[in-house]
Amino acid sequence: MLLAIDIGNSLIKMGLFEGAELSDKFTIPTKRDHTADELQLDRLTMFEIETVVVSSVVPELVAVVREASQNEFGVIPTFVDHSANFGLTINYEPPESVGIDRLVNSSAAAKKYGTPVIVCSFGTATVIDVVSLEAEFLGGIIAPGLEVMGAALYQTTAQLPAVAIEEPDRLIGNTTRSAIRSGIVNGHVAMAEGLIRRIGEHLEPEPTVVATGGFAEFIAPKIDSITEVDENLTLDGLRLLA
């Protein structure tokens, strides 16, 4: 079996694959000072794991994941880096500076849904990446995610409260909380919708638009141009690379 581990800024996602089938998955919060035991890989020791493949945007956890994998499974994990064959021509300067998770997602989306494709990852950051018809990774757009927007508003003002990221009950808020919630959610939708439309004007033929990330199922139904929601895109991308 194959264990795919996606180490993000907020969450560590782990998926267990038997062939192409995702048979189990779990998530833990990301902490930069995690110990090997805190990764909870011991819950998977009942499975015969032969391959561990990892994507990480948190360098501090690379050694910890390596230790945990060797301790629990006797497997030296493979960390996906910029030398991997993503099946894409990477048009980014410098190429080594683009996040590995972005390349994994773009590679997976191109393989699963064809090109051109726009990948919208709604997580800690909202990242919109673009792959051309010729399978060229063109780059993308990085913006604050929903929770980051809310936290920034609360932390940098004197009187505005913190609000939960929930469905706004109205567009024009008639309380401070409802106004903030509408601004965060509807503002985010308008931003993503507008960016997807403007990017699409530069692509031929019309691109497939794929949403992933922790807020994908919350945001995607509000944007008509998003045609696919793939919450396991990164994990599946790691499987495909392996």
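The values are calculated or read from the model by the stated rules, or taken from the named source; none is laboratory data. Model, not experiment: these values are computed from the prediction. Note that each Cβ is placed from the backbone with ideal geometry, even for glycine, and that neighbours are counted across all protein chains shown. Surface areas here come from the heavy atoms of the whole protein model, side chains and all, with no ligands, DNA or RNA. Shrake-Rupley method; radii C 1.70, N 1.55, O 1.52, S 1.80 Å.
Name the residue that is nearest to residue 124 (Cα to Cα), counting only residues in the stretch 35-55 that are under 20 Å from the mean Cα position of the chain (by Cα) and modelled with pLDDT of 95 or more. I'd like the intermediate steps shown before the answer.
So the first thing to find is which residues in the stretch 35-55 are under 20 Å from the mean Cα position of the chain (by Cα), and the list is 39, 52-55.
Among the residues that remain, those that are also modelled with pLDDT of 95 or more are: 52-55.
Values: 52: 25, 53: 22, 54: 19, 55: 16 Å.
Across the stretch 35-55, the extreme among qualifying residues is 55.
What number of residues in the stretch 206-238 are in contact with a helix residue (DSSP H, G or I) (Cβ under 7 Å, 6 or more places away or on another chain) and either closer than 13 Å to residue 107 by Cα or of a type in the set (Asp, Glu) (or both)? Step through it out loud before you land on a result.
Going residue by residue through the stretch 206-238, those that are in contact with a helix residue (DSSP H, G or I) (Cβ under 7 Å, 6 or more places away or on another chain) are 206-212, 215, 219, 222-223, 225-226, 228-229, 231, 233-234, 236-238.
From the residues that got through so far, the ones that are either closer than 13 Å to residue 107 by Cα or of a type in the set (Asp, Glu) (or both) too are 206, 210, 228, 231, 233-234, 236-238.
Residues flagged as in contact with a helix residue (DSSP H, G or I) (Cβ under 7 Å, 6 or more places away or on another chain) and either closer than 13 Å to residue 107 by Cα or of a type in the set (Asp, Glu) (or both) within the stretch 206-238 amount to 9.
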For the list (1) out of contact with any Asp or Glu (no Cβ under 7 Å at 6 or more places or on another chain); (2) open to solvent by 30 Å² or more (accessible area, probe 1.4 Å); (3) of a type in the set (Val, Ile, Thr); (4) in contact (Cβ under 8 Å) with a residue 24 or more places away in the chain, I need the number of the one condition that residue 80 fails. (2)
For residue 32, are the conditions met, namely being assigned to a loop (DSSP other than H, G, I, E, B) and either at positive phi or within 22 Å of the chain's Cα centre (by Cα) (or both)? yes
Answer yes or no as to whether residue 53 is touching a helix residue (DSSP H, G or I) at 6+ places or on another chain (Cβ under 6 Å), within 17 Å of residue 11 (Cα to Cα) and not in a loop (DSSP other than H, G, I, E, B). yes
Enumerated strands (runs of 3 or more DSSP E) restricted to the stretch 111-216, each holding at least 2 residues that are within 21 Å of residue 98 (Cα to Cα) and in contact with a Gly (Cβ under 7 Å, 6 or more places away or on another chain): 117-122, 125-131
Mind checking which pairs have a first residue in the stretch 84-95 that is within 14 Å of residue 129 (Cα to Cα) and without any contact (Cβ under 8 Å) to a residue 60 or more places away in the chain and a second that is open to solvent by less than 50 Å² (accessible area, probe 1.4 Å) and assigned to a loop (DSSP other than H, G, I, E, B), Cβ under 6 Å, 6 or more apart or different chains? 88/135; 92/98
Per the filter on the stretch 163-195, residues touching a Pro at 6+ places or on another chain (Cβ under 8 Å) and open to solvent by 20 Å² or more (accessible area, probe 1.4 Å) are 176, 177, 181, 186
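Return the residues of the stretch 196-224 that are of a type in the set (Gly, Ala, Ser) and open to solvent by less than 50 Å² (accessible area, probe 1.4 Å); say none if nothing qualifies.
Step one: list which residues in the stretch 196-224 are of a type in the set (Gly, Ala, Ser), which gives 200, 211, 213-214, 216, 220.
Once the filter is applied, which keeps residues that are of a type in the set (Gly, Ala, Ser) and open to solvent by less than 50 Å² (accessible area, probe 1.4 Å), the stretch 196-224 yields 200, 211, 213, 216, 220.
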